[in-house]
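The values are calculated or read from the model by the stated rules, or taken from the named source; none is laboratory data. Not measured: the values here are computed from a predicted model. Cβ coordinates were reconstructed from backbone atoms using ideal geometry, including for glycine residues, and neighbour counts include every protein chain displayed.
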């Protein structure tokens, strides 16, 4: 019997990416992703949000850490992975997360605003998605 493990998710980041490095120097970024779903039940619209933890490795992790911010929409292509560990007091724990093969940056980066609230980006460099090296 063949096995297949693939997931494609599109949603918004719930927090800024956290970038770390393994002892051997591999970049690892963790992302939080929220996916909203609307459906109709009993003639009433309802909305639910699902939350997923995403793990990205290598150069792609570094790009996520540099270019992504909370609220940015992304498309994630990856696989499900279950991590298992034991706590200091002997309790067994597990967590399912998405290990990303690729993360596509969607939308445009949010403009930063100055303290006057005018939305001016005069002191910040202009950003264009074409500047991203992939």
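Just a yes or no: is a residue in segment 28-40 more than 13 Å from the chain's Cα centre (by Cα), exposed (fewer than 10 other Cβ atoms within 10 Å of the Cβ), at pLDDT below 95 and more than 23 Å from residue 9 (Cα to Cα)? Looking for residues that are more than 13 Å from the chain's Cα centre (by Cα), exposed (fewer than 10 other Cβ atoms within 10 Å of the Cβ), at pLDDT below 95 and more than 23 Å from residue 9 (Cα to Cα), one finds none in segment 28-40, hence no.
All conditions in (1) at pLDDT below 95; (2) surrounded by 10 or more Cβ atoms within 10 Å (Cβ to Cβ); (3) more than 17 Å from residue 6 (Cα to Cα) hold for residue 62, with the sole exception of (1).
Is it the case that residue 72 is surrounded by 16 or more Cβ atoms within 10 Å (Cβ to Cβ) and touching a residue at least 60 places away in the same chain (Cβ under 8 Å)? Spelling it out, residue 72 is indeed surrounded by 16 or more Cβ atoms within 10 Å (Cβ to Cβ) and touching a residue at least 60 places away in the same chain (Cβ under 8 Å).
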